[in-house]
Each structure stands twice: as structure tokens, then as C-alpha cells.
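Asks: First, the structure itself, so that you have it in front of you.
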Amino acid sequence: MSASHLELDLVERPFTDRGTRLLVTAGPGPADGLRVARAEYETPLAETTDLTGLLVHGADGRPLPVVSATPVEVAFAGGVSLLFADPATLVITGHGARASWRLPDGTGRTLALDGCHVLAGPPGEWSAPAVRAASEARWADWFARMPAVRPDLAERARMAWWTLAVNLLPIAGREGLVPSKYGYVGVWNWDALFHAVALRHGDPALARDQILLFLDHQLPDGRLPDVVHEHGVLADTTDLPRADHARLAQHVGTANGARPERAPVPVTKPPLAAWAVWKVHETDPDVPFLAAVYPRLVRAHAWWFAASDPDGDGLPEYLHPYSSGLDDSPVWDYGPRAEPPDLNSYLVLEADRLADIAGALGRPAEAARWRERAAAHARLLVARRWDGTRFTTLAAGAPVPVRTALDLMPLFTGRLPAGVAAALERTLRSPAYWGERPVPTVAFDDPAFDPEAMWRGPVWLNVNYLLAEGLQRSGFPDTAAELRERTVAMVRDAGGLYEYWNPLTGARAPRATSGFGWSAALFLDLARMVG
Ligand code: GLC
């Protein structure tokens, strides 16, 4: 079996390719044939379908089943194949067989196969052997760049590395990695940073592009948008798609985002850009890149203090659920603004990374100032939010009882007093958060815990990744290693790169999407680390 071999099930893993919006999926039964649709921002595939019911019959009229689907081609019996000739063009090749399908208006089409025919895309002449050879070479080259992982993780890693390739689309003048061609067809802020963490191993330039795509769209006030998509950006509540207002009204009754008639509220994502920049630089040093991004990262950092700290206590808050990245967390059940302890933990680490970057740029005085900022901000976080047993989450300015995995995120700073860090590690190892599959996003014993509802309990790989890194930085390498090991085992055993997992069963939570970019990216980076 070649390194690039991967079976596509044409359900969770459609036949698609790097740079194309076209997706080929199978109907529920073999007689339903295949469907070709296009991935578009905020549009269900049912509205972007090119054709359905694609079936192939041999010269004798007998149906020719699909015999294999790989990144290179979908092969039917009788030597018929579907291949991508280029990102805009899906071809069907074969001789003596007949293909039939239905157009969206219900009319039928048939085609006698005799060579290489365009099935979707602009008219053109293609040679089947040349198209197949190019596709094989493209995939061989991509898989040759995959980071090495141990044998029991290899199959899932191939799936992850393939996911990262096929989720790439041309967006805003760059190649942007979308979270999923099912439902998330744009480039989301912190997703892009997590994607860069994996891409740095095989294609550092592409990793830097993910970060630049966001920095290119920085707003005049310094904020980074929540989403960059083919029609523009989502940077405040007036940019929210219609469906999101409904979604927000449902699960965040009192949040600003649920009331579009109010003054626009900025929408962004947690501040981790300097963290990602430094990771890419550590793998593939690039001082000109650091010089290009540094002033923009400084402005992005300053925005939080200037524009997102309504009570002026020096500890910024999230002004909208989406800015936290945890859309439906129970933190949002208590009001329209929230300050879980993760935000200020990230800001501490960002200051440390800005110090690293300033140092690498030969600006030691600036680096020292950032280092002091990081230390002072960590002290402020502990002084104001540590109540002696836990970090409190504020919502609309008042402490809330809900306990989420974000309460443990101050470990990420690596700057806590030893007793505080030890208490957090103990809490993480307690039955509230530690099970066969840590870490539930809401404590197992919290009344709001729901194993299947998005950010109300399921395991997400970004939270685990950041916590494992925080444990390592805070002096708990064994717990960090165990968390990484349990995380990769869960992903290996569940079968796919889902958006989030049920922490009780380890299965995909029913509403979670598949082929999810940051699950693929962070699984790969963790798999590399567990060695
Ligand atoms: C969901 C997640 C958010 C993520 C986005 C794109 O809205 O809650 O954190 O950035 O999807 O993947």
C-alpha cells in the first residue's frame, strides 16, 4: 500500500481535491448513484448541486458499481473513472459504457463514454492518462510531505493530511484552508492558526499564508476579523449571515448577537496569532516574516485592551459569543459579555511571544518590555480572578457558577504561582474533568454538562492541545504526555476527523461536522509529539 493510499467513503470523505469547490458524494444506497455539488460560504449543498443520481452501466446494460474511491480517482467496474482534470473540472473517462444523471431541474442526461468527458466544469479536451498521471503525482508529492507518526496512528494521519489538502480553496487572493467543505466554507480566524500549526511541518510557506490571510484583513482599529470568505469578512454583528442570528437567538437568548437591531458589536476570535507565528518560525525560521507581521500583531494585541475591556479593569472580555470561539458555551447563558479565564491567559502568552519576536528582530529593549507586560498581566489575572480554589468566569461583570475547561487555561501562561498551577492540575486530574477521554469542555459534574452539544461538554482538539501545551509549560510533563496520548487514541479509535467527540463514548457527536480542519491539524501535531 502506498503512503498516499486512503479509502474515501464518499459520505464523510467525499471525492474532492485541493483548490476545488466540487464534491462528489454517494447517495444512501448504490442505486441512488453519486451527487456532484459545490462548497459555498453559508450555503447548504442541496442549493449548490450540479447533478444527482450519477450511475454507470456497461455495454450490456448492467450497472457498473464503484469499486474504489481514493484521493486520485473514483473507479467504477469496467474501467470507468472520475478524476479532477483541474480545480474547476471533473471528468469521466472510459469506453463502451454509458453514464446517466439528473440535473437539478429534474431532467435526465445520458452520455456514451468514449474517452475523457467533462462532467462538471468548462468545456475542454483532456487526455485520461495525462489527467491520471498528474493527479497521482500531485498526491504523491503531498503525502511525501506528511509528518512521520508511529504505525498505529498512520492511517488516521493520512486521513488528516489529506483533509488539510482538500480543504484548501482560493480565498481572498491566497490559498486558504477552510474548516470543512461541509458547512464551514470560509477561513476562520483561530482555525487558520491551528491549521498553520500542522502545515508548518510539510509546507511552511502555506502555513505562513494562513496567518497572513488574516493579517491582510486587519481592521483599522487593529482587530482581526472572525471570518474571511469569498464575499468579504465577518468582523462585527452586521456581517453575520441570517442563519447565525437565528442560531444565536436560540442558544444565547440575551447576547448582543441575538439582537441585530442593536449597535454593531465587534466579532473576532481568541488572540493566538503571535503564538502561531512563533510556532511556524520555530519550525522554519523566517526573520523577514517576523518583521512583516510584528507591527500588525502588536496592533491586534492592543485592540483587546483599547476596545474589548468595557469595565476598564485591565482584563479584557469577549463582547460576543463568537469572539470566544465557544459559540454555545454555558458561559453565554448568563449574559451578553463574558470573561472566561482563557482570554487573559492567551493575552499573557501573546505578550511573551511578542517578546520572543522582538528579540529575534534584534530589539532587546522592546522584548524586555513585553516580558514585563506578560508577567504583570499574569499577576493581574491571578490577583483578580483566582478565588483561592478556582479561576472565576465573569458574565456581564458578575461571577457565574458554570465550570468549563477554560477555567484551567491559565496553565497555558506558564506563569502561575506554583501552588495555583498545582491546584489546576489537580482539578484537571479529578473526576470533574479526567476520564478515559479528557477533557470535557464543561465539567462532567456540572449541571450544564451535555456530552453531545457542541461546547457544552464534548471534547475539542484545540482545547486539549492548548491545555497539554500549558501543562508542559507549567511543569507537568507527565500529565501533558498522558493527555496527548489519550487524545490521539480517541481520534484513532473513533474513525474520523470530527469537529468534536462525545467524551463518554468517544464517538462523533451527532451534530459535529466531519473532515474538520483543526481536528486534522492538531491530531497530526499531537501524533508527531507522542512519538
Ligand atoms: C464554530 C466554532 C468556532 C470555529 C468555527 C469554524 O463556530 O464554535 O470556534 O472557529 O466553527 O470552525
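Asks: With (1) at pLDDT 95 or above; (2) more than 30 Å from the chain's Cα centre (by Cα); (3) not hydroxyl-bearing (Ser, Thr, Tyr) as the list, and Pro30 as the residue in question, which single condition is left unmet?
Replies: Here Pro30 clears every test but (1).
Asks: Here is a follow-up. With the structure loaded, tell me whether Asp244 is within 14 Å of the ligand (Cβ to nearest atom), surrounded by 19 or more Cβ atoms within 10 Å (Cβ to Cβ) and among the acidic types (Asp, Glu) or whether it fails that test.
Replies: In short, yes.
Asks: Is one or more of the residues making up segment 144-160 within 16 Å of the ligand (Cβ to nearest atom) and outside the structural domain of Ser81 (by TED's automatic domain parsing)?
Replies: Looking through segment 144-160, at least one residue is within 16 Å of the ligand (Cβ to nearest atom) and outside the structural domain of Ser81 (by TED's automatic domain parsing).
Asks: Sticking with this one: Looking only at segment 147-165, decide whether some residue is buried (at least 19 other Cβ atoms within 10 Å of the Cβ) and part of a strand (DSSP E or B).
Replies: There is no residue in segment 147-165 that is buried (at least 19 other Cβ atoms within 10 Å of the Cβ) and part of a strand (DSSP E or B).
Asks: Continuing with this model, one more query. Would you confirm, using the coordinates I've provided, whether Thr393 is farther than 29 Å from Ala509 by Cα, assigned by TED's automatic domain parsing to the domain that holds Tyr334, buried (at least 23 other Cβ atoms within 10 Å of the Cβ) and more than 16 Å from the ligand (Cβ to nearest atom)?
Replies: Taking the combined requirement at face value, the residue does not satisfy it.
Asks: If you go through segment 441-470 one residue at a time, how many are farther than 25 Å from Arg528 by Cβ and within 16 Å of the ligand (Cβ to nearest atom)?
Replies: Looking only at that region, the number is 8.
Asks: Is there a residue being surrounded by 19 or more Cβ atoms within 10 Å (Cβ to Cβ) and part of a loop (DSSP other than H, G, I, E, B) anywhere in segment 458-470?
Replies: Yes, some residue in segment 458-470 is surrounded by 19 or more Cβ atoms within 10 Å (Cβ to Cβ) and part of a loop (DSSP other than H, G, I, E, B).
Asks: Pick out, from segment 283-373, the helices (runs of 4 or more DSSP H) lying fully within it that include 1 or more residues that are within 16 Å of the ligand (Cβ to nearest atom).
Replies: Ranges flagged: 321-324, 341-360.
Asks: When you scan segment 38-98 for strands (runs of 3 or more DSSP E) that lie fully inside it, which ones turn up with 2 or more residues that are open to solvent by less than 40 Å² (accessible area, probe 1.4 Å), of a type in the set (Asp, Glu) and in the same structural domain as Gly176 (by TED's automatic domain parsing)?
Replies: none
Asks: Out of everything in segment 211-227 that is within 13 Å of Leu272 (Cα to Cα) and either part of a helix (DSSP H, G or I) or modelled with pLDDT under 95 (or both), what residue ends up being farthest from the ligand (Cβ to nearest atom)?
Replies: That would be Leu215.
Asks: For the condition open to solvent by 40 Å² or more (accessible area, probe 1.4 Å), touching an Asp or Glu at 6+ places or on another chain (Cβ under 9 Å), of a type outside the set (Lys, Arg) and not in a strand (DSSP E or B), what is the one hit in Pro104, Pro123, Pro129?
Replies: When all the criteria are applied, what remains is Pro104.
Asks: Something else: When you look at Ala134, is it out of contact with any Phe, Trp or Tyr (no Cβ under 6 Å at 6 or more places or on another chain), more than 16 Å from the ligand (Cβ to nearest atom) and small (Gly, Ala, Ser), yes or no?
Replies: Yes, satisfied.
Asks: Restricted to segment 495-531, and to residues that are open to solvent by 30 Å² or more (accessible area, probe 1.4 Å) and part of a helix (DSSP H, G or I), which residue is farthest from the ligand (Cβ to nearest atom)?
Replies: Here the answer is Val530.
Asks: Still on this model: Consider Gly183 carefully, then state whether it is assigned by TED's automatic domain parsing to the domain that holds Asp236, among the small types (Gly, Ala, Ser) and at pLDDT below 95.
Replies: In short, yes.
Asks: Go through (1) more than 21 Å from Thr70 (Cα to Cα); (2) within 12 Å of the ligand (Cβ to nearest atom) one by one and return the number of the condition Pro204 breaks.
Replies: Among (1) more than 21 Å from Thr70 (Cα to Cα); (2) within 12 Å of the ligand (Cβ to nearest atom), the lone unmet condition for Pro204 is (2).
Asks: On to the next question. Please work out which one of (1) over 27 Å from the mean Cα position of the chain (by Cα); (2) under 21 Å from Trp278 (Cβ atoms); (3) open to solvent by 50 Å² or more (accessible area, probe 1.4 Å) is the condition Pro310 fails and give its number.
Replies: Against the list (1) over 27 Å from the mean Cα position of the chain (by Cα); (2) under 21 Å from Trp278 (Cβ atoms); (3) open to solvent by 50 Å² or more (accessible area, probe 1.4 Å), Pro310 comes up short only on (2).
Asks: Going through segment 72-96 one residue at a time, which ones are without any contact (Cβ under 8 Å) to a residue 24 or more places away in the chain and in contact with a helix residue (DSSP H, G or I) (Cβ under 8 Å, 6 or more places away or on another chain)?
Replies: His95
The values are calculated or read from the model by the stated rules, or taken from the named source; none is laboratory data. Because the structure is a prediction, the values reported are computed rather than measured. Reconstructed Cβ throughout: ideal geometry from the backbone, glycine too, with neighbour counts over all protein chains shown. Note: accessible area is taken over every heavy atom of the protein model, side chains too, but ligands, DNA and RNA are not part of it. Shrake-Rupley method; radii C 1.70, N 1.55, O 1.52, S 1.80 Å.
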